[in-house]
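A short write-up of the structure that comes next.
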Amino acid sequence: MPIHKTIVVTGAASGIGAATAQLLATQGAEVISVDLNQPAEPVGRFIRADLSDPASIQALVSALPTGIHGLANIAGVPPTRPAPQVLKVNLLGLKQLSLQLLPKLADGAAIVNLASLAGIGWPQAVHAIRASEDLGFDEVDAFCQAHAIEGARSYFFAKEALIAWTLQNRWTWRERGIRMNAVSPGPVDTPILGDFIETLGARAEEDMRVMDRPGRPADIAPVVAFLLSDAAGWIRGANIPADGGMHAKVLCDMNGL
Ligand SMILES: NC(=O)c1ccc[n+]([C@@H]2O[C@H](COP(=O)([O-])OP(=O)(O)OC[C@H]3O[C@@H](n4cnc5c(N)ncnc54)[C@H](O)[C@@H]3O)[C@@H](O)[C@H]2O)c1
């Protein structure tokens with residue numbers, strides 16, 4: 001389905017972001033690739049930005065044009081990184097970019113957040129999620145200490161809060177027809193898969209055995225592209241698993257099915 005849209009893709013230098021940028025360009029979109037690192041094969045215009053840094057986010061928003069039809073928030077760091085950095089990139093930076101970009105989004109635009117199966121437990125984290133709602137970049141260290149967010153928990157918490165934020169904003173911008181949704185993969189074979197295996201150990205190996213194989217960027221990119229397209233116009237505040245059935249397995253296991 002050809003799409004004549006301008007779409008900003010963060011994390012476009014690698015993995016799922018790179019696959020999404022390529023697919024969108026193939027479908028006819030004008031892609032603006034954003035990343036901390038220069039992509040080996042940039043798709044469309046490339047803008048370097050550090051999404052852990054509010055000044056860099058502000059500069060990015062200034063550099064972006066008006067009339068943007070889609071924002072794919074895909075940049076992220078794995079659970080092996082220090083907890084404050086995981087929260088800054090995977091949650092605060094993503095939220096800041098989305099909110100600051102709103103005036104430059106066209107009416108009817110779509111925002112897609114790359115969440116994770118790691119966020120499935122968000123209902124159990126509502127207290128900390130609420131406490132993080134207005135968290136500033138300079139408050140992250142104290143927040144992590146206050147809520148015992150250390151090690152891999154930072155990654156799980158960031159994805160839990162991201163899913164909750166996506167659901168909460170189902171109708172926030174509906175007067176302008178702006179939709180927000182999330183995609184939640186299980187383990188995906190990208191450069192950070194090794195970090196997940198290092199952090200989660202046997203559990204990640206077991207997940208991939210149950211799933212038959214790890215996901216591939218090409219399994220995830222079409223789901224993001226669909227949610228960005230007009231065909232997904234009635235999908236608002238959804239968190240779509242793209243994980244070979246892992247989400248369903250976890251829900252069935254949790255509920256004795
Ligand atoms: N790979 C998996 O198993 C998996 C599973 C579920 C969800 N995810 C999520 O998918 C998204 C993409 O991950 P991936 O597997 O493609 O990883 P990846 O490492 O291949 O790509 C992540 C990209 O984000 C960029 N990035 C990191 N920090 C940044 C920053 N501060 N500012 C700007 N860009 C930054 C990196 O440079 C990289 O190009 C992440 O949000 C990740 O949490 C991945």
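Set the bar at 23 Å for Cα to Cα. Now go through 104/159; 88/159; 95/249 and name every pair that lies beyond it. Over 23 Å apart, Cα to Cα: 104/159; 95/249. Computed on the chain, the Cα convex hull volume stands at 123 Å³ per residue.
With a Förster radius of 45 Å applied to the C-beta separation of residue 198 and residue 175, the computed FRET efficiency comes to 0.50. For the chain, the longest piece that avoids every one of the GluC sites (Glu not before Pro) found in DSSP loops with at most 16 other C-beta atoms within 10 Å covers 1-132. Translational diffusion of the stretch 176-246 was estimated from the Stokes-Einstein equation, with Rh taken as the Kirkwood radius over Cα pairs; at 25 °C and 0.890 mPa s the coefficient is 184 µm²/s. Computed from phi, the 3J(HN,Hα) profile of the stretch 67-77 under the Karplus parametrisation 6.51, -1.76, 1.60 (θ = phi - 60°) reads x, 6, 9, x, 10, 9, 8, 10, 3, x, 10 Hz, with x in place of Gly and Pro. Springs between Cα atoms under 10 Å define the GNM used for the chain, and in it the highest mean-square fluctuation of 62, 33, 116 occurs at 62.
Rounded to the nearest 0.05, the FRET efficiency derived from the C-beta distance between residue 252 and residue 167 at R0 = 25 Å is 0.70. As a proxy for reagent exposure, 14, 184 were ordered by neighbouring Cβ count within 10 angstrom, fewest first; the result is 14, 184.
With a cut-off of at most 13 other beta carbons within 10 Å, and DSSP calling the residue loop, which chymotrypsin sites (Phe, Trp or Tyr not before Pro) in the stretch 165-257 qualify? Please list them. Walk me through the numbers before you get to the answer.
Working: sites: 165, 171, 173, 196, 226, 234; in loops: 171, 173, 234.
When the chymotrypsin sites (Phe, Trp or Tyr not before Pro) of the stretch 165-257 are filtered for loop state and at most 13 Cβ neighbours within 10 Å, 171, 234 remain.
A Gaussian network model of the chain, with springs between Cα atoms under 10 Å, assigns the largest mean-square fluctuation among 213, 48, 236 to 213.
Where a number appears in this text, it was derived from the coordinates with a stated rule and is not lab data. Since this is a predicted model, take the numbers as computed values, not measurements. Every residue, glycine as well, gets a Cβ built from its backbone with ideal geometry; the counts of neighbours run over all protein chains shown.
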